[in-house]
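Trainee: Next up is a structure, given as structure tokens.
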Amino acid sequence: MTCFMVNEEATMSEATQRSFFSRMRHTPMRDALRGRITGRLDVEYRLVTSGLPIPAQALIRRVVKRTRLWRIERVEVVDELIAHFLDGIDAGEPVDELIASFGDERAAARLIGRAKRRNRGVVWQALIALRWLACGIIVFYLLSAIYFYSGSPSINVNYVDRLNAPLKDAPADRLAWPLYRQAIPALRGERRINDEGDALLDAKPGSPYWPEAVAWLQSRKQAIELVRQAAQKPTLGFVYGPEGSQRDPDLWPRSDDWKTDADPLLADVLMPNLQDFRQIARVLHADARLAREQGDTARVMRNAETLGKLAGHVREGEVLVAHLVGLGIRHLMLDVIEEALNDSARNPLAPDNLQRLAHQLAHPTTAAELMSFTGDRMAIRDIIQRIYTDNGDGDGRLTPEGARLLKSFMVSHGGFPASWLEPLKVALTTPLLPVLSASRPELTAASERLFDIADANLAHPMRETDWAAYDQQIQSWQESAVDRIQFEPLRQWVRRGMIIAGLSGAQATAERYLGRRDGMLVALALEVYRQRHGDYPSALNDLVPALLPQVPADRITGGPLHYRIVDTKALVYSVGADRDDDEGRPARKRSGEPEPTLAARWHMSAGTAPDGDWVLYSPQPESE
């Protein structure tokens, strides 16, 4: 016993004698900055000098270690526990009982540590909250990544087959494409430009290229006749898709290099025939010019009718870009008729021919008959089914395949990458897309709502339509941060340059054709009236009902069209966007050049509308 007491005292004596460096190591920074080397963070020194029995010191040492507190907080805990045990010893309680009554060391350490940490400052509390927030974000990101990468789309509808569905039961002898296909190689030609800028097929009598144009057309009479025969067929018969009519190396030598997916994206379906149809239309226009020069009125009539039927064939594709090409062909038909009317002094058209042309032009009467948004609606549905999962009830989430498809839109249209950091940003944010983006029903509803607005407008004259809600939604997808994230697929569709962003402009294009067509109908009726009566009528109402069921409405205002006599010829016009009758004076560009269609604008205030009228038919000599 004496030996133990001697050893314990020796140990205490050694511990209480601290060196300078030991005290410095246990001195808080704030004490050192004040020039005081206190060593007050030395927990072991406080225990040894406390006078407590060794078992009590050991208990306190274990508890303090398990609290995992800061050093300054451990000192406080040590002082409190030392005071607790000293009070018990002073009260006469044995050390063994004090230790036994202390309870579970781990639980005590946990409670003490929690209480101390709760009393820490606001900054520490905020940092702890941020740490838990960061952990939560990481967990959320990982769960989102698992959720994202576990999804895959279900392609349930082949929209290319649906586009071709009308051809399934069409008899081969009713199809026009085989005849067009025979004529196309002969009607293709180099676009040669002369000094005045006229192409070969645009050459006019007296121009430098006119003799060559005549020779070129005459050498292709058989091919042009094939086109006329093809135009009489009720159905075009061009099969869309990688294994359809485009797979024709004789017409398109690179067709073997084109994509051959078994189930291609409808938006990627090629339509190489459209360029050839444009060429055919230009050939017919040039041949009509030659026929007038030769005095062959019957051929002029046939070419005009063929252009109208060709435009109808092009429209069968149910894809808006094809419909716009068809409108261009219809304008060439109007050019043929207008040029024939302007040439009536040399080659007058008989009243029966004029009425025949009028009957051909009478239909269609609305933009909905000239174009539809069905194909583009199907293209959006096709994209949705390729980027979302499908739970069987029309719901689903964005998939990795969908993200890659959106990325391909960005890459192919200049939206990615903006910098070397962009791939990293895309990689980090992609797993969050299913959470942040709109669900499949939301995206489907948004796109269907747009097409419903467009379809409803298409059935009415442009002056009666309201595209404000449509345009606001398109703008929101581009400018609103929330909508940009939620509706990223539709936003990329718009950025890709697809037609969904310009459906109102497509209707305006159709309305401009219909306005010009109305003017041509009036011009034809005026010419018949002149031939019958020797002069033009005093008012357009004199044409009703013998030559017109009614005077066509002004496509801008809804009132009747206007006409007046210019140099003994009839000029037909709409009052235009400014709704002010300028007696057929066309609006002018900033350069001062007259532009007959510049005033063909809708939904403009009188103050911003161009000054001048929309000229629908002008008796200009062909040389102009």
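The values are calculated or read from the model by the stated rules, or taken from the named source; none is laboratory data. Since the model is a prediction, treat every value here as computed from it, not as a measurement. Every residue, glycine among them, receives a Cβ derived from its backbone with ideal geometry; neighbour counts consider all protein chains shown. Heavy atoms of the whole protein, side chains included, go into the accessibility calculation; ligands, DNA and RNA do not. Shrake-Rupley method; radii C 1.70, N 1.55, O 1.52, S 1.80 Å.
Trainee: Checking G92 against (1) over 25 Å from T67 (Cβ atoms); (2) in a helix (DSSP H, G or I), only one condition comes out false. Which one?
Mentor: With (1) over 25 Å from T67 (Cβ atoms); (2) in a helix (DSSP H, G or I) applied to G92, the lone miss is (2).
Trainee: Being of a type in the set (A, V, I, L, M, F, W, C) and closer than 28 Å to A186 by Cα narrows it down to one residue among L349, L354, L307; which is it?
Mentor: L307
Trainee: For segment 198-246, what are the residues that are open to solvent by less than 70 Å² (accessible area, probe 1.4 Å), of a type outside the set (D, E), more than 17 Å from K309 (Cβ to Cβ) and assigned to a helix (DSSP H, G or I)?
Mentor: L200, L201, W210, A213, V214, A215, W216, L217
Trainee: Quick check on my filter: what residues within segment 244-264 are within 30 Å of E401 (Cβ to Cβ) and at pLDDT 85 or above?
Mentor: Selection gives G244, S245, Q246, R247, W252.
Trainee: Has segment 303-320 got any residue that is more than 38 Å from the chain's Cα centre (by Cα) and not charged (D, E, K, R)?
Mentor: Scanning segment 303-320 turns up at least one residue that is more than 38 Å from the chain's Cα centre (by Cα) and not charged (D, E, K, R).
Trainee: Mind checking which residues of segment 253-282 are among the aliphatic types (A, V, I, L, M), closer than 29 Å to R330 by Cβ and open to solvent by 60 Å² or more (accessible area, probe 1.4 Å)?
Mentor: Selection gives L270 alone.
Trainee: Same structure again: Name the residue, out of R530, R517, R579, that is more than 30 Å from M378 (Cβ to Cβ) and either touching a Phe, Trp or Tyr at 6+ places or on another chain (Cβ under 7 Å) or at pLDDT 95 or above (or both).
Mentor: It is R530.
Trainee: Still on this structure, I have one more. Select from segment 333-367 the residues that are more than 18 Å from V528 (Cβ to Cβ) and assigned to a loop (DSSP other than H, G, I, E, B) and write down the one among them that is modelled with the lowest pLDDT.
Mentor: R346
Trainee: Determine whether Q222 is out of contact with any His (no Cβ under 6 Å at 6 or more places or on another chain), among the polar types (S, T, N, Q) and without any contact (Cβ under 8 Å) to a residue 40 or more places away in the chain.
Mentor: yes
Trainee: Can I ask one more? So T297 clears everything in (1) open to solvent by 50 Å² or more (accessible area, probe 1.4 Å); (2) more than 40 Å from the chain's Cα centre (by Cα) except one condition, right? Which one?
Mentor: It fails just one condition, (1).
Each row is one residue, and each column tells you yes or no for (1) touching a residue at least 12 places away in the same chain (Cβ under 8 Å); (2) aliphatic (A, V, I, L, M).
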position: W124; (1), (2): no, no
position: I128; (1), (2): no, yes
position: A134; (1), (2): no, yes
position: I137; (1), (2): no, yes
position: A145; (1), (2): yes, yes
position: G151; (1), (2): yes, no
position: R162; (1), (2): yes, no
position: L167; (1), (2): yes, yes
position: L179; (1), (2): yes, yes
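Trainee: If you don't mind, there's one more thing I want to ask. Hey, could you check segment 96-107 for residues that are open to solvent by less than 60 Å² (accessible area, probe 1.4 Å) and among the hydrophobic types (A, V, I, L, M, F, W, C) and say which is nearest to the chain's Cα centre (by Cα)?
Mentor: A107
Trainee: Which ones in segment 222-242 are of a type outside the set (D, E, K, R) and farther than 21 Å from G375 by Cα?
Mentor: Across segment 222-242, the qualifying residues are Q222, A223, I224, L226, V227, Q229, A230, A231, Q232.
Trainee: Tell me which residues, restricted to segment 36-58, are outside any helix (DSSP H, G or I), at pLDDT 75 or above and either exposed (fewer than 12 other Cβ atoms within 10 Å of the Cβ) or in contact with an Asp or Glu (Cβ under 8 Å, 6 or more places away or on another chain) (or both).
Mentor: Selection gives I37 alone.
Trainee: Write out, first by first residue and then by second, each pair whose Cβ atoms fall under 8 Å of each other, whose residues are 6+ apart or on separate chains, and whose first residue, in segment 289-311, is closer than 25 Å to D276 by Cβ while the second is open to solvent by less than 50 Å² (accessible area, probe 1.4 Å) and among the aromatic types (F, W, Y).
Mentor: L310/F277
Trainee: Look through segment 108-165, keep the residues that are in a helix (DSSP H, G or I) and basic (K, R), and return whichever of them is least open to solvent (accessible area, probe 1.4 Å).
Mentor: K116
Trainee: Inspect all residues belonging to segment 368-377 and state whether any of them is free of Cβ contacts under 8 Å to residues at least 24 places away in the same chain, more than 29 Å from K569 (Cβ to Cβ), under 40 Å from the mean Cα position of the chain (by Cα) and part of a helix (DSSP H, G or I).
Mentor: Yes, segment 368-377 contains a residue that is free of Cβ contacts under 8 Å to residues at least 24 places away in the same chain, more than 29 Å from K569 (Cβ to Cβ), under 40 Å from the mean Cα position of the chain (by Cα) and part of a helix (DSSP H, G or I).
Trainee: Could you tell me whether P586 is crowded, with 20+ Cβ neighbours inside 10 Å and in contact with a strand residue (DSSP E or B) (Cβ under 9 Å, 6 or more places away or on another chain)?
Mentor: In short, yes.
Trainee: Looking at R66, R61, can you tell me which residue is open to solvent by 20 Å² or more (accessible area, probe 1.4 Å), free of Cβ contacts under 8 Å to residues at least 24 places away in the same chain, assigned to a helix (DSSP H, G or I) and closer than 30 Å to S19 by Cα?
Mentor: Only one candidate passes the filter, namely R61.
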